Amino acid sequence: MTAHNGRVELAIEENGLITIRDTARREPTGVADIARLEAAGGDIVVGVNEPELVPSAVLDDLSRAREWLAPVYGERVGTAIDELAGGTRPRTVTVEAECGPLVAPLVRLAFGSWMHRWWQAPGRGELPALDVPLLEIELGALAWHLQPCFGGVTEAAELLRPHTRVLGDLVRSARENSVGAAGETAAEVLYDALRSAVDSVDDAAPGFTDLERLVEEIDAQEIRVRAETSHGHEAIAALLGGDALASMVAEVLPSLGRARYLGEADSEEPPATIAAGDDTVDWLQLEPRVLDARENNVTWSVTARGGEWELRARVPAAVTLRPPEAPRIWARAYAPDHPLPLPVAVWALDYRDGHFEGVTRLAPFRAPHTLAIDVYTESQVHPPRLGDERRNLPDERFAIDRLLIGRVADAAVQPNATTDPSYKRPFLAELAAYAAVVAQ
């Protein structure tokens, strides 16, 4: 089977909701197994462990989704969906998909967006830091090429606008300082982003005039590089050289939620401390790279003060912030023995000197040492994962890191520009991460 071609199941529900699913796709085992893109008229889902399969989709507005159905899934699927929508409901049909030209950049964008969401370094052992601006610049160019999927350039503009001030310097550096095929590749990706930014970003963005001027300068000199980033990444990896990441293997992550009961007989802790422990944040609940990514990064304690209990939590930030820039972080505490699956406390963690910390009152209960502390931001909050779900979080995080580390290690491998699918080729941010490790 050719990548992104295969047998797909199309189904329509009574309410008109339409789903597309590769029949070979396995059910995801965790929230981080899929990359989801919000498209015009529905959602597109790529399995990060099965990127060669046809992407799944859920369509809630067929009239808007028609713009990209055939370019992504091919004419056969587009026609079958129109027939499905005009027939009886519910109904399911199976079709052989021969996907269109937008599927490859779409899968690459989905994979890069997943990487942006789940790459939590620094603080995770072997995983190097992510160059977020470089990744967002490349994703912005991909989004620009996928305008039919997003109904315009808004998606590209949101990714590119924060980096208009530096984009011009990056393009100039690629042209002036790079050598051979490696320089050509860097210029391809960055010049593609430059043209995408000039077309999609508003002219009030910082540095926008410089970008327009640079496009005119390059056009005037007739220096053209192809916008399609389909080859040449292997040359950058070859220049980087070395096999520093060949043996990168993540250590088994420590278990979550280690806690200890501190009775009055415990001479190592103040008598007022009733219980204390540490926990690990659930990254599903947080925006990426806000908090330090080490295991057991949440420390907490329960103390008795004048007959009342107080619960204090503290977690280090990923980077030093100025208080106005710090996001609002919240904590909620759960007691496994509590009769209701509701938090026993919810409180804000304020940023101070590199940490988020806060304290709240806590009603006394039988086993404070069993507390589970869940940290979240309002934009990412989900139902808490407790019990067995929480105990499985280290395995989920290990699988994410293993995939990311493997891709960074593979940046040293020279992919075949003709036969290798685009999702296998490294992003510039991955090549930068590899170079950083080699330079250590």
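Limited to region 287-299, what total is found for residues that are closer than 15 Å to W330 by Cα and buried (at least 22 other Cβ atoms within 10 Å of the Cβ)?
Result for region 287-299: 3.
Looking at this structure, is W119 modelled with pLDDT under 95 and among the aromatic types (F, W, Y)?
Details: modelled with pLDDT under 95: yes; among the aromatic types (F, W, Y): yes.
Yes; evaluated as a whole, the condition is true for this residue.
Consider D203 against the criteria (1) of a type in the set (D, E); (2) closer than 30 Å to L59 by Cα; (3) not in a helix (DSSP H, G or I): it satisfies all of them except one. Which criterion is unmet?
Unmet for D203, out of (1) of a type in the set (D, E); (2) closer than 30 Å to L59 by Cα; (3) not in a helix (DSSP H, G or I): (2).
Within region 87-98, can one find any residue that is in contact (Cβ under 8 Å) with a residue 24 or more places away in the chain, crowded, with 17+ Cβ neighbours inside 10 Å, more than 19 Å from D22 (Cα to Cα) and of a type outside the set (D, E)?
Among the residues of region 87-98, not one is in contact (Cβ under 8 Å) with a residue 24 or more places away in the chain, crowded, with 17+ Cβ neighbours inside 10 Å, more than 19 Å from D22 (Cα to Cα) and of a type outside the set (D, E), which makes the answer no.
Take the residues in region 377-408 that are of a type in the set (G, A, S) and exposed (fewer than 15 other Cβ atoms within 10 Å of the Cβ), then tell me which one is farthest from E357 (Cα to Cα).
In the first step, residues of region 377-408 are kept if they are of a type in the set (G, A, S); the result is 379, 387, 399, 406.
Applying the additional criterion that residues be exposed (fewer than 15 other Cβ atoms within 10 Å of the Cβ) yields 379, 387, 406.
Details: S379: 19, G387: 25, G406: 34 Å.
Restricting to residues being of a type in the set (G, A, S) and exposed (fewer than 15 other Cβ atoms within 10 Å of the Cβ), the top hit is G406.
Only residues in region 196-208 that are without any contact (Cβ under 8 Å) to a residue 24 or more places away in the chain and in the same structural domain as L146 (by TED's automatic domain parsing) count as the first member; pair them with residues that are of a type in the set (A, V, I, L, M) and buried (at least 19 other Cβ atoms within 10 Å of the Cβ), Cβ under 7 angstrom, at least 6 apart or cross-chain, and list the lot.
From region 196-208, the pairs are V198/L211.
Can you find even one residue in region 111-123 that is hydrophobic (A, V, I, L, M, F, W, C) and within 16 Å of I20 (Cβ to Cβ)?
Start the filter on region 111-123 by keeping residues that are hydrophobic (A, V, I, L, M, F, W, C), which leaves 111, 114-115, 118-119, 121.
Then keep just the ones that are within 16 Å of I20 (Cβ to Cβ); that gives none.
Within region 111-123, not a single residue is hydrophobic (A, V, I, L, M, F, W, C) and within 16 Å of I20 (Cβ to Cβ).
When residues of region 23-55 are filtered for being surrounded by 21 or more Cβ atoms within 10 Å (Cβ to Cβ) and more than 23 Å from the chain's Cα centre (by Cα), how many remain?
0
Looking only at region 155-169, decide whether some residue is crowded, with 18+ Cβ neighbours inside 10 Å, farther than 30 Å from R66 by Cβ and of a type in the set (G, A, S). Give the derivation first.
Let us first name the residues in region 155-169 that are crowded, with 18+ Cβ neighbours inside 10 Å, namely 155-157, 159-161, 163-164, 167-168.
The next check asks that each one be farther than 30 Å from R66 by Cβ; those that pass are 163-164, 167-168.
Checking which are of a type in the set (G, A, S) leaves us with 168.
Within region 155-169, one or more residues are crowded, with 18+ Cβ neighbours inside 10 Å, farther than 30 Å from R66 by Cβ and of a type in the set (G, A, S).
Identify all residues within region 1-20 that are crowded, with 20+ Cβ neighbours inside 10 Å and in a loop (DSSP other than H, G, I, E, B); write none if there are none. Before the answer, list the steps.
Taking region 1-20 as the starting set, the residues that turn out to be crowded, with 20+ Cβ neighbours inside 10 Å are 4, 8, 10, 12, 18, 20.
Result: H4, single match.
Mind counting the residues in region 206-238 that are at pLDDT 90 or above and either among the hydroxyl-bearing types (S, T, Y) or buried (at least 20 other Cβ atoms within 10 Å of the Cβ) (or both)?
3
I need the full set of residues from region 304-318 which are surrounded by fewer than 12 Cβ atoms within 10 Å (Cβ to Cβ) and either on the phi > 0 side of the Ramachandran plot or not basic (K, R) (or both), in order please.
Step one: list which residues in region 304-318 are surrounded by fewer than 12 Cβ atoms within 10 Å (Cβ to Cβ), which gives 305-308.
Once the filter is applied, which keeps residues that are surrounded by fewer than 12 Cβ atoms within 10 Å (Cβ to Cβ) and either on the phi > 0 side of the Ramachandran plot or not basic (K, R) (or both), region 304-318 yields G306, G307, E308.
In region 270-317, what residues are charged (D, E, K, R) and not in a strand (DSSP E or B)?
Initial filter on region 270-317 (charged (D, E, K, R)): 278-279, 282, 287, 289, 292, 294-295, 305, 308, 310, 312, 314.
Answer for region 270-317, where residues must be charged (D, E, K, R) and not in a strand (DSSP E or B): D282, E287, R289, D292, R294, E295.
Name the single residue that is nearest to R305 (Cα to Cα) among those in region 335-366 being surrounded by 13 or more Cβ atoms within 10 Å (Cβ to Cβ) and modelled with pLDDT under 85.
Among them, the one singled out is F365.
Looking at region 1-19, which of its residues are over 12 Å from E50 (Cα atoms) and either in contact (Cβ under 8 Å) with a residue 60 or more places away in the chain or in contact with a Phe, Trp or Tyr (Cβ under 6 Å, 6 or more places away or on another chain) (or both)? Step through it out loud before you land on a result.
Within region 1-19, the subset over 12 Å from E50 (Cα atoms) is 1-2, 5-19.
Across region 1-19, the qualifying residues are N5, G6, R7, V8, E9, L10, A11, I12, E13, E14, G16, I18.
Within region 111-120, identify whether any single residue is buried (at least 20 other Cβ atoms within 10 Å of the Cβ), more than 21 Å from V45 (Cβ to Cβ) and touching a Pro at 6+ places or on another chain (Cβ under 9 Å), and answer yes or no.
Yes, the conditions are met somewhere in region 111-120.
The values are calculated or read from the model by the stated rules, or taken from the named source; none is laboratory data. Keep in mind it's a predicted model, so treat the numbers as computed, not measured. Please note: Cβ atoms are built from the backbone with ideal geometry, for glycine as well, and neighbour counts cover all protein chains shown.
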